[in-house]
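Enquirer: Okay, here's the structure, questions in a sec.
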Amino acid sequence: MSELRFPWIEVSILVPMFGALWVHFIGNSERSLRHCVVICAATFALTVGELIDFVSLGAFEAHDHWLFLDWLFNRDIFVVDELSSYQLTLVALIFLVTVLATLRTKAPRFSLKLTLVSESLMLATFSCRESWTLILLLVVSTIPPYLELRQRERCTRIYRIHMGAFVVMLVAGWAWMSMVDVHSSAVLVPGAFLTTACLLRAGIFPLHLWMTDLFEKGTFGTAILFTTPLVGAYAVMRLILPIAPSWAMQSIAILSLFTAVYAGGMALVQREARRMFCYLLLSQSSLVLVGLELVTPIGLTGALCLWVSVGMSLTGFGITLRCIEARISRISLADFHGLYRQMPILSGFFLLTGLASIGFPATVGFVGMELLIEGAVDVYPLVGSMVVIAAALNGIAVLFAYFRIFTGRHNRTLIPMHARPAEKFAVLVLSLLILGGGLYPQPGVASRYHAAKELTRQRQSNPMTEDPELEESEHEPSEHEPSAGVAVVNATDGDTPDHAEQVPQPVSLLKATEG
């Protein structure tokens, strides 16, 4: 295992934790908001440095140069690899832009201390490789939203029931799994517990009621921060994917696909913007799980690319709705509000992030969605069609919300409705990343493809998975059956075989990268 040149992982985890203590002692809401922005910016800079350092090593995984907590943890607990390297930077970015776009009037209701604690727990979760420590972090990360609901004197029954079931199934399932023979049929029951726990955290139908309840009763910022990093998908990748057999993963993919279509249809009929956003996020995150659970290199690559795209674009979409809510209160989709003239920047960003989340061309989600459909069709042709239907429903929901909020009769107001400088900066950063990732996707796609290849190799080395389709897809081409990678490489050298034109563009992009 390689070693980073600086203890990026632990420093990035400790900075927001100590920042929460600092914000607690400051007390003043206006001052604490400025300090919280600085802390989140420093954390984001640390994760960017970690990503650059890791990429320069050219390794699949690496740990810190020296450990602050070596006396408490084993040095292999917090590790950065190709799966988590981009996710860590994404998590820090999500927290930074959400805090940056928070109005001073909203700071008293949006707990900055709990936000920084949540960021520290989230970064530790995405850096963790040891199973029991990961489970502990997943359990503890459910506490800050609960504390906020209690502070707002909202009913916590639905959240407590779902998160309590998540904790019980997660702990009981892994404890049971460690006591049985992994090669026997007795592993099916604890495996079912673990799978149900991860699907509950991801909000897969019919275990999604806690998510709509959180968006309805909690602050919009906390709901965005708790859901958009897709922690449930990470739990699936670390706890379920290495041990689950192929038939089980594909069965879960079908359930996730149904959730994607169902949530896309529900987003169309909502009459309140928060609930529409919740179902849009639920649909897109379910599509990520579809690709993760297809357990094919192309499907995994598409899912990992879409993961970054969904986290980035739907965070921007959510903070746009949050900025509008801060000015006109809860947004009803039953009427036309005509806000385009008063907030043209936010209207353009609303449309950009909404279309990017469904894979619109020239945005960061386009290649990921194409690869996901490609991988889904390889397993079941009908699955690919359902993915397209889910994306179409989500696109219609985004355009419907845009027309309801920004078009219609213009209503004059006495209060300023334009975007603040901090909001403009957050919009600019996310817009550049969304468009830059769409116009130049090669580095990100190459990294995600290498991570997908390593994950499939780890599954093949596990006798429990018994995945013959992956083994067949990884076979060496014969003399009479040249591979797509050879076709693309030869085509770049000037020799253009007849079959090179038949290779789909996203697949040829990946194969050329591998070659």
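The values are calculated or read from the model by the stated rules, or taken from the named source; none is laboratory data. Everything numeric in this text was worked out from a predicted model, so none of it was measured. Ligands, DNA and RNA are excluded from the accessible area calculation, which covers all protein heavy atoms including side chains. Shrake-Rupley method; radii C 1.70, N 1.55, O 1.52, S 1.80 Å.
Enquirer: Suppose the chain between LEU382 and ARG154 were pulled fully straight at 0.36 nm per residue; how much longer would it get relative to their current alpha carbon spacing? Mind dumping the intermediate values first?
Expert: Details: separation 228, 0.36 × 228 = 82.08 nm, distance 4.26 nm.
Contour length minus the Cα-Cα distance gives 77.8 nm.
Enquirer: Taking only protein heavy atoms and a 1.4 Å probe, what accessible area per residue, in Å², does the range 281-373 have with all protein chains in place?
Expert: Accessible area per residue, the range 281-373: 22 Å².
Enquirer: For the range 349-405 and the range 26-54, what is the separation of their Cα centres, given in Å?
Expert: Here the answer is 32 Å between Cα centres.
Enquirer: Roughly how many Å² is the accessible area per residue of the range 139-232, as a whole number, for a 1.4 Å probe?
Expert: Value returned for the range 139-232: 40 Å² of accessible area per residue.
Enquirer: Next question. Using a probe of 1.4 angstrom, how much of the accessible area of the range 91-221 is carbon and sulfur, in percent?
Expert: 65 percent
Enquirer: Which ³J(HN,Hα) values, rounded to whole Hz and listed in residue order, are derived for the range 258-275 from phi using the Karplus coefficients 6.51, -1.76 and 1.60 in 6.51 cos²θ - 1.76 cosθ + 1.60 with θ = phi - 60°, glycine and proline given as x?
Expert: Couplings: 4, 4, 4, 5, 4, 5, x, x, 5, 4, 6, 9, 6, 10, 9, 5, 4, 5 Hz.
Enquirer: Moving to a separate point now. With θ taken as phi - 60° and the coefficients 6.51, -1.76 and 1.60, list the Karplus ³J(HN,Hα) couplings across the range 300-316 in order, rounded to whole Hz; mark glycine and proline as x.
Expert: Karplus-based 3J(HN,Hα) across the range 300-316 equals 5, 4, x, 5, 5, 5, 5, 4, 5, 5, 5, x, 6, 6, 6, 5, x Hz.
Enquirer: Between LEU268 and LEU209, what length in nm is gained on full extension when 0.36 nm per residue of separation is reduced by their alpha carbon distance? Could the numbers behind the result be given before it?
Expert: Numbers: separation 59, 0.36 × 59 = 21.24 nm, distance 1.76 nm.
Contour length minus the Cα-Cα distance gives 19.5 nm.
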